[in-house]
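K.L.:
Following this message is one structure expressed as structure tokens.
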Amino acid sequence: MSESPIASREAALRLALAARALNGLDVKAFVGALIDKLEAPLTESKLAKLTVEDLRVILAGDFAEQGCHVGVDADSLKEAIHLLWGHGVENTDFPAVDPYTDGEMPGSIRVAIAANRGENLDGHFGSCDRFLIYQVGQQAVRLIDIRSTVEADAAEDKNATRSALIGDCQIVYVQSIGGPAAAKVVRAGVHPIKKPEGGAARSVLMELQGRLASPPPWLAQIMGVPAASLARFEEDLATGEHA
């Protein structure tokens, strides 16, 4: 197995935020350019040694033709470098993660939300900055992880790697998703749900939470429990058998 090009989630977060600050930078090209200069894997300490001039040279190099934009203003370059150093990362729009231990919420399901800003469903499956990972039970909704998609976007098969990134989830909510990508998500064992209007992540999840007690067939199958809509027929069968 090849070595991961990004050493840690913290490094991936810095790269994602820096790419955003650089106004439409192609993430795969950006990661490739940094690896060309720093060698893989990209670590927090390596990123912390970059200078504004280093970044300017990288954006003006061969990778410019692959999507890196040279025409970035000086303030954006400085902001990107500060983010690569880790400065201000803790003050970004990434929401706080709740403590959670596997098995702590019996009967709950794990749900991914395609996100770009804050705690919102506002992303396309193939281009969102991150996935917010929630544990959803009848009594509680907890944000248990935030997974940057930077490393996935540096992979040869971006959509397959994004699918693997959320492979421990039962459901993923997205604003949109293409057919081939949806097929890869389903093969990973995740049920994609499109909500083009998006919205606050917790509002979307509260709607799902309200269905857990009496799940429709598609949700019951995911949860591994009988469907509420079929319960009456099962009761009738049981009554008939004991009549």
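The values are calculated or read from the model by the stated rules, or taken from the named source; none is laboratory data. Keep in mind that what you see is a predicted model, and the values were worked out from it rather than measured. As a convention, Cβ positions derive from the backbone with ideal geometry for all residues, glycine included, and neighbour counts pool all protein chains shown.
K.L.:
For region 177-190, which residues satisfy the criterion of being of a type outside the set (A, V, I, L, M, F, W, C) and crowded, with 17+ Cβ neighbours inside 10 Å? Even if it seems obvious, please write down each step before you answer.
P.N.:
Here is the first cut: in region 177-190, the ones of a type outside the set (A, V, I, L, M, F, W, C) are 178-180, 184, 187, 189.
Listed by number, the list holds a single entry, LYS184.
K.L.:
Please verify whether region 214-223 includes one or more residues that are modelled with pLDDT of 95 or more and in contact with a Gly (Cβ under 9 Å, 6 or more places away or on another chain). Spell out how you get there, then give the answer.
P.N.:
Step one: list which residues in region 214-223 are modelled with pLDDT of 95 or more, which gives none.
No, that holds for no residue.
K.L.:
Please work out which one of (1) surrounded by 11 or more Cβ atoms within 10 Å (Cβ to Cβ); (2) modelled with pLDDT of 90 or more is the condition PRO196 fails and give its number.
P.N.:
Unmet for PRO196, out of (1) surrounded by 11 or more Cβ atoms within 10 Å (Cβ to Cβ); (2) modelled with pLDDT of 90 or more: (1).
K.L.:
Exactly one of (1) outside any loop (DSSP other than H, G, I, E, B); (2) within 21 Å of the chain's Cα centre (by Cα); (3) at pLDDT 90 or above; (4) exposed (fewer than 14 other Cβ atoms within 10 Å of the Cβ) is unmet by ASP98. Its number?
P.N.:
(1)
K.L.:
Would you mention how many residues in region 121-154 are in contact (Cβ under 8 Å) with a residue 24 or more places away in the chain and closer than 20 Å to THR43 by Cα?
P.N.:
So the answer is 10.
Matching residues to (1) part of a helix (DSSP H, G or I); (2) touching a Ser or Thr at 6+ places or on another chain (Cβ under 9 Å); (3) surrounded by 19 or more Cβ atoms within 10 Å (Cβ to Cβ); (4) not assigned by TED's automatic domain parsing to the domain that holds ARG187:
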{"position": "ILE113", "(1), (2), (3), (4)": "no, no, yes, no"}
{"position": "SER127", "(1), (2), (3), (4)": "no, yes, no, no"}
{"position": "LEU132", "(1), (2), (3), (4)": "no, no, yes, no"}
{"position": "GLN135", "(1), (2), (3), (4)": "no, yes, yes, no"}
{"position": "LEU143", "(1), (2), (3), (4)": "no, no, yes, no"}
{"position": "ALA152", "(1), (2), (3), (4)": "yes, yes, yes, no"}
{"position": "GLU156", "(1), (2), (3), (4)": "no, no, no, no"}
{"position": "ASN159", "(1), (2), (3), (4)": "yes, no, yes, no"}
{"position": "ARG162", "(1), (2), (3), (4)": "yes, yes, yes, no"}
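K.L.:
Mind telling me which of the residues VAL136, VAL190, VAL185, VAL150 ends up being under 11 Å from the mean Cα position of the chain (by Cα), within 27 Å of GLU10 (Cβ to Cβ) and not acidic (Asp, Glu)? Outline the logic, then answer.
P.N.:
On the way: VAL136 fails: under 11 Å from the mean Cα position of the chain (by Cα); VAL190 fails: under 11 Å from the mean Cα position of the chain (by Cα); VAL185 fails: under 11 Å from the mean Cα position of the chain (by Cα).
Of VAL136, VAL190, VAL185, VAL150, the one residue that is under 11 Å from the mean Cα position of the chain (by Cα), within 27 Å of GLU10 (Cβ to Cβ) and not acidic (Asp, Glu) is VAL150.
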